[in-house]
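Asks: Just passing along the structure, written as structure tokens.
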Amino acid sequence: ETGVTQTPRHLVMGMTNKKSLKCEQHLGHNAMYWYKQSAKKPLELMFVYNFKEQTENNSVPSRFSPECPNSSHLFLHLHTLQPEDSALYLCASSQSSNRAGGYGYTFGSGTRLTVV
Amino acid sequence: AQKITQTQPGMFVQEKEAVTLDCTYDTSDPSYGLFWYKQPSSGEMIFLIYQGSYDQQNATEGRYSLNFQKARKSANLVISASQLGDSAMYFCAMREGGGGSYIPTFGRGTSLIVHP
């Protein structure tokens, strides 16, 4: 496989459930990102990992918990979510979060999450 | 203040005609980069084209060109000879060169529908 792969593609969960989103990249990149895309809102950056270290957390509620065990994998653990958390969650990767470059910022296809 | 502004929530174009999607940006950093991404209904964000602030020529990639007007701080995307498969959301994004973080900021997007 090439590129950035996200699983599952769709997820429906209750407010008391615990689930995890997975992202895997096969591009040799060192930075990985979680974004939230809600209807009629700009893409919101949630977390940034650079060389497995979390470098940004954009005031994301603690019911979202990221994990980056290595440079190729990124998880988003979800628990006690709210209906307003329903959105498309996109993962992206790049060479590094602190290096310039026009290319190499690659997105996955996203996980469409519905909280009921 | 918004760093990236896309004023057209929706655009319609006839197949085979050209279309321009508007993007204006706001930065005081002399070094920056501008991106355009396409997001079909499948959800994946697909990189289209990049323009660096010091690039002398307007960027082109196949049917995509970026009309970069630095003084006006605009970076419009021009799609020539539209195809039905061009129907999608289009996002303009900017990364700024200073401060060590090169993570792009995204606009709200423009929905493009190509009619047969």
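Asks: Of all DSSP beta bridges located in chain A, what percent are antiparallel, nearest 5?
Replies: Expressed as a percentage, antiparallel bridges in chain A total about 90.
Asks: Tell me whether chain B comes out rounded, prolate or oblate; compute the Cα gyration tensor, take square roots of the eigenvalues as a ≥ b ≥ c, and use a/c under 1.5 as the rounded threshold.
Replies: Cα axes put chain B in the prolate bin.
Asks: Using the Cα centre of chain A as the reference point, and only Cβ charges (+1 on K/R, -1 on D/E), how large is the resulting charge dipole? Debye, rounded to the nearest 20.
Replies: Once rounded to the nearest 20, the dipole reads 240 debye.
Asks: Taking a cut-off of 16 Å between Cα atoms, list the aspartates and glutamates near A:LYS40, but don't count ones fewer than 8 places away on the same chain.
Replies: A:GLU84, A:ASP85
Asks: Report the accessible surface area buried between chains B and A, summing both sides, using a 1.4 Å probe on protein heavy atoms only, in Å² rounded to the nearest 100.
Replies: Heavy-atom accessible area buried at this interface is about 1800 Å².
Asks: If you don't mind, another one. Using a 1.4 Å probe, what is the accessible area per residue for the range B:13-107, in Å²?
Replies: 44
Asks: Pick from A:PRO69, A:PRO42, A:PRO83 the residue whose mean-square fluctuation is largest in a GNM of chain A, springs joining Cα atoms under 10 Å.
Replies: Evaluated over chain A, the most mobile residue of the options is A:PRO42.
Asks: Name the residues of the range A:1-35 whose accessible area, probed at 1.4 Å, falls by at least 20 Å² once all protein chains are in place instead of their chain on its own?
Replies: Listed in order, they are A:ARG9, A:TYR35.
Asks: Taking chain A as a whole, which cysteines find no other cysteine Cβ under 4.7 angstrom from their Cβ?
Replies: When partners are defined as cysteine Cβ atoms under 4.7 Å apart, chain A leaves A:CYS68 without one.
Asks: Still on this structure, I have one more. Within the set A:LYS22/B:LYS3; A:LYS18/A:LYS52; A:LYS18/B:LYS3; A:LYS19/A:LYS41; A:LYS36/B:LYS16; A:LYS22/B:LYS70, which residue pairs have Cα atoms separated by over 32 Å? Intermediate results must be reported in sequence, preceding the final value.
Replies: On the way: A:LYS22/B:LYS3 30 Å; A:LYS18/A:LYS52 23 Å; A:LYS18/B:LYS3 36 Å; A:LYS19/A:LYS41 24 Å; A:LYS36/B:LYS16 34 Å; A:LYS22/B:LYS70 40 Å.
Over 32 Å apart, Cα to Cα: A:LYS18/B:LYS3; A:LYS36/B:LYS16; A:LYS22/B:LYS70.
Asks: Which chymotrypsin sites (Phe, Trp or Tyr not before Pro) in the range A:24-86 pass both tests, a DSSP loop state and at most 15 other beta-carbon atoms within 10 Å?
Replies: A:PHE51
Asks: Rounded to the nearest 20 debye, what is the charge dipole size of the range B:41-116 about its Cα centre when +1 sits on each Lys and Arg Cβ and -1 on each Asp and Glu Cβ? Can you show the working numbers first?
Replies: Values: 6 positive and 5 negative charges, 57 e Å.
Approximately 280 debye in magnitude.
Asks: I would also like to ask the following. Given the alpha-carbon gyration tensor of the range B:9-62, what are the semi-axes of its equivalent ellipsoid in whole angstrom, ordered largest first, with each equal to the square root of 5 times an eigenvalue?
Replies: Its equivalent ellipsoid spans semi-axes of 24, 14, 13 Å.
Asks: So, for chain A, what is the accessible surface per residue at a probe of 1.4 Å, expressed in square angstrom?
Replies: The answer is 48 Å² per residue.
Asks: Under a point-charge model restricted to the Cβ atoms of Lys and Arg (+1) and Asp and Glu (-1), what is the dipole moment magnitude of the protein assembly as shown relative to its Cα centre, in debye to the nearest 20?
Replies: 300
Asks: Still on this structure, please answer the following. Indicate the gyration tensor shape class of chain A (rounded, prolate or oblate), computed on the Cα atoms with a ≥ b ≥ c the square roots of the eigenvalues: a/c under 1.5 is rounded; otherwise a/b larger than b/c is prolate and the rest oblate. Please list the in-between numbers first.
Replies: Values: a/c = 1.72, a/b = 1.68, b/c = 1.03.
Prolate, because a/c is 1.5 or more and a/b exceeds b/c.
Asks: Probe radius 1.4 Å, ligands and nucleic acids ignored: give me the carbon and sulfur share of the accessible area of chain A as a rounded percent.
Replies: Details: 2690 of 5510 Å².
Answer for chain A is 49 percent, counting heavy atoms of protein chains only.
Asks: If you average the C-alpha positions of the range A:61-85 and of the range B:33-99 separately, how far apart do those two centres end up, in angstrom?
Replies: Rounded to whole Å, the Cα centres lie 30 Å apart.
Asks: Just need the relative contact order of the range A:30-83 here, percent rounded to a whole number, with Cα pairs under 8 Å and 6+ apart.
Replies: Details: 86 pairs, mean separation 14.8, N = 54.
About 27 percent, as a whole number.
The values are calculated or read from the model by the stated rules, or taken from the named source; none is laboratory data. Bear in mind the structure is a predicted one, so any value in this text is a computation, not a measurement. Virtual Cβ from ideal backbone geometry, glycine too; neighbours counted across all protein chains shown. Side chains included, ligands, DNA and RNA excluded: accessible areas come from the protein's heavy atoms. Shrake-Rupley method; radii C 1.70, N 1.55, O 1.52, S 1.80 Å.
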